[in-house]
Amino acid sequence: SAKEKGRNNYQFFSEDMAFIAARKTALEGDLNRAVINKEFTLHYQPQILAKTGEIIGMEALIRWQKKDGSIVSPGEFIPLAEETRLILPIGEWVLYTACLQAKKWHDDGNSHLKLAVNLSSLQFMDDGLIATIQQVLKKTGFSASSLELEITESVALDDAEKAIARMQTLREIGVQIAIDDFGTGYSSLNYLKRFPLNNLKIAQPFVQDMATNPRDMSLVEAMIFIAHSLDMSVIAEGVETEEQLALLKELGCDEIQGFLFSKPLPADRFTKLLMNGVTSVKVI
Ligand code: C2E
Ligand code: MG
Ligand code: MG
Ligand code: MG
């Protein structure tokens with residue numbers, strides 16, 4: 001009967017939920033230990049100047065490999081880290097480790113490289129953020145003007161005034177700000193109007209469909225136009241094909257990031273890339 005079916009469905013549903021909840025509880029404990037045991041590493045994905053193919057920077061992306069060897073994706077553990085506020089110590093570690101590494105690359109003759117670091121909303125709005133950044137810059141000797149913080153539209157959901165004031169303080173320190181995953185959040189245009197941003201990152205879904213869907217193509221074109229009108233530079237995320245690259249160049253997109261050039265690399269592999277003189281990637 002329908003009633004029975006309904007009950008069965010409900011049972012399936014609750015088993016799923018129980019499974020997810022159990023995994024979450026287990027992960028939470030693991031995440032606590034991961035912070036203590038330093039089970040995280042950073043990978044770095046090159047960012048490319050569209051016109052020349054030159055590597056102009058890299059985005060630091062966190063990786064968590066558990067003691068048993070299994071890998072948990074940031075898509076799964078970052079939301080949990082936010083919920084448990086563990087993102088604060090994790091984020092501080094990311095910032096320090098990335099700046100220390102980037103400082104080494106600068107000292108080894110690549111002082112033009114820009115470092116992009118992701119900040120979650122909780123981190124961005126935390127009262128200790130400015131002091132943390134200043135301490136990290138002082139300890140590592142990395143220059144503020146080479147650091148770019150990637151935030152998403154969600155930073156301003158709770159308190160837009162506070163978020164804008166924070167961005168202004170960061171800009172005064174000399175740090176650059178990029179809006180990540182642009183176009184996927186809320187009130188994008190209202191934020192562009194009010195946020196002091198340097199760089200707009202077009203979200204992957206638009207880039208991935210632009211070669212096959214004229215609507216995505218139009219939206220990418222419009223995003224590039226709007227960004228340039230507001231004196232911001234534009235980077236396209238998730239570029240995987242030559243066709244996407246050619247279209248983005250034609251539309252005047254400034255920077256490119258994606259598997260077409262390189263996956264995120266462990267620090268030693270990124271170092272080798274730089275040491276082998278691969279400071280640029282061939283662009284069609
Ligand atoms: P994001 O900041 O938008 O980073 C881009 C994601 O796209 C990365 O996934 C990257 O590996 C992936 N990607 C790059 N190029 C391509 C491509 O051509 N095709 C496809 N399909 N994917 C590509 P990842 O490393 O799994 O990170 C996922 C998200 O987790 C990040 O999205 C970011 O929101 C968050 N995240 C990563 N590291 C950190 C961190 O240190 N702190 C914080 N707060 N969040 C982080
Ligand atoms: Mg990012
Ligand atoms: Mg993104
Ligand atoms: Mg993101």
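Could you list, in sequence order, all residues of region 115-163 that are within 15 Å of ligand 1 (Cβ to nearest atom) and charged (D, E, K, R)?
Asp126, Glu148, Glu150, Glu153
Quick check on my filter: what residues within region 57-66 are surrounded by 14 or more Cβ atoms within 10 Å (Cβ to Cβ) and either away from ligand 2 (no atom under 15 Å from the Cβ) or part of a loop (DSSP other than H, G, I, E, B) (or both)?
Those that are surrounded by 14 or more Cβ atoms within 10 Å (Cβ to Cβ) and either away from ligand 2 (no atom under 15 Å from the Cβ) or part of a loop (DSSP other than H, G, I, E, B) (or both): Trp64, Lys66.
Please indicate, with yes or no, whether at least one residue in region 144-155 is touching a helix residue (DSSP H, G or I) at 6+ places or on another chain (Cβ under 8 Å) and either assigned to a loop (DSSP other than H, G, I, E, B) or acidic (Asp, Glu) (or both).
Yes, because at least one residue in region 144-155 is touching a helix residue (DSSP H, G or I) at 6+ places or on another chain (Cβ under 8 Å) and either assigned to a loop (DSSP other than H, G, I, E, B) or acidic (Asp, Glu) (or both).
Between residues in region 107-120 that are of a type in the set (Val, Ile, Thr) and residues that are assigned to a strand (DSSP E or B), which pairs lie under 8 Å by C-beta distance while being six or more apart or on different chains?
So the pair list comes out as Val117/Glu59; Val117/Ala60; Val117/Leu147; Val117/Glu148; Val117/Leu149; Val117/Glu150.
Please pick out the residue among Phe270, Phe261, Phe225 that is more than 16 Å from ligand 3 (Cβ to nearest atom), surrounded by 15 or more Cβ atoms within 10 Å (Cβ to Cβ) and among the aromatic types (Phe, Trp, Tyr).
The unique qualifying residue is Phe270.
Restricting region 157-194 to residues that are at pLDDT below 90 and closer than 18 Å to Gly128 by Cβ, which is surrounded by the most Cβ atoms within 10 Å (Cβ to Cβ)?
Only one residue tops the list, namely Asp159.
Select from region 168-178 the residues that are of a type in the set (A, V, I, L, M, F, W, C) and either touching a helix residue (DSSP H, G or I) at 6+ places or on another chain (Cβ under 7 Å) or more than 10 Å from ligand 3 (Cβ to nearest atom) (or both) and list them in ascending order.
Listed by number, the residues that qualify are Leu170, Ile173, Val175, Ile177.
Name every residue in region 72-116 that is out of contact with any Asp or Glu (no Cβ under 7 Å at 6 or more places or on another chain) and β-branched (Val, Ile, Thr), in order of residue number.
Scanning region 72-116 gives Val72, Ile78, Ile87, Ile90, Val94, Thr97.
Could you check, for region 180-194, whether at least one of its residues is assigned to a loop (DSSP other than H, G, I, E, B), among the aliphatic types (A, V, I, L, M) and either free of Cβ contacts under 8 Å to residues at least 12 places away in the same chain or under 27 Å from Ala222 (Cα atoms) (or both)?
No; the residues of region 180-194 include none that is assigned to a loop (DSSP other than H, G, I, E, B), among the aliphatic types (A, V, I, L, M) and either free of Cβ contacts under 8 Å to residues at least 12 places away in the same chain or under 27 Å from Ala222 (Cα atoms) (or both).
Inspect region 184-196 for any residue being of a type in the set (Lys, Arg) and either farther than 21 Å from Leu149 by Cα or in contact with a Pro (Cβ under 8 Å, 6 or more places away or on another chain) (or both) and give the result as yes or no.
Checked region 184-196: no residue is of a type in the set (Lys, Arg) and either farther than 21 Å from Leu149 by Cα or in contact with a Pro (Cβ under 8 Å, 6 or more places away or on another chain) (or both).
Mind listing whichever residues of region 119-143 are closer than 15 Å to Lys103 by Cβ, surrounded by 16 or more Cβ atoms within 10 Å (Cβ to Cβ) and of a type in the set (Gly, Ala, Ser)?
Passing the criteria: only Ser143.
Name the residue, out of Gly69, Gly91, Gly75, that is over 22 Å from Thr271 (Cβ atoms), surrounded by 15 or more Cβ atoms within 10 Å (Cβ to Cβ) and without any contact (Cβ under 8 Å) to a residue 40 or more places away in the chain.
Exactly one residue qualifies, and that residue is Gly91.
The values are calculated or read from the model by the stated rules, or taken from the named source; none is laboratory data. Just so it is clear, the structure is predicted and the values come from calculations on it, not from any experiment. Note that we place each Cβ from the backbone using ideal geometry, even for glycine, and neighbour counts take in every protein chain shown.
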